[in-house]
Amino acid sequence: MGFSPDSFYIKTLGLTNTDDAEIWEYATTNDFVIVSKDSDFHQRSLLYGHPPKFIYLRVGNCSTSKIVQVLQDEIDIISQFGDREAESILVLS
């Protein structure tokens, strides 16, 4: 189960065990937003800006269903973030 019909897990895109730089490029090319708990993507976003935009999940060790719940709870903030051209990082906890 994904967050929305337009969301994809890395593994469903065939990008499991793929270098972060390749995932970053794939997201840029396909106009995706990266959602991750990985601080490497956070650092990459600070260094390069966007595209792609990055949603940094600071939720610690938790289940996928908890992550989906956090995203659903913040859907209005996420939507506003997507519409703002100047913003490249959104931190959710």
Out of the stretch 31-54, which residues are in a strand (DSSP E or B) and either closer than 13 Å to ALA21 by Cα or out of contact with any helix residue (DSSP H, G or I) (no Cβ under 9 Å at 6 or more places or on another chain) (or both)?
ILE34
Output the number of the condition that VAL68 fails; it satisfies all remaining conditions of (1) loosely packed, with under 13 Cβ neighbours inside 10 Å; (2) of a type outside the set (S, T, N, Q); (3) in a helix (DSSP H, G or I).
(1)
Those residues that are within 24 Å of GLU74 (Cα to Cα) and among the small types (Gly, Ala, Ser), I need them from the stretch 2-45; list them, please.
GLY2, SER4, SER7, ALA27, SER36, SER39, SER45
Checking VAL59 against (1) at pLDDT below 95; (2) in contact with a Pro (Cβ under 9 Å, 6 or more places away or on another chain), the condition it does not meet:
(2)
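The values are calculated or read from the model by the stated rules, or taken from the named source; none is laboratory data. Note that the structure is a prediction, hence the values are computed from the model and not measured. Don't worry about glycine lacking a Cβ; one is built from the backbone with ideal geometry, like all the others, and counts go over all protein chains shown.
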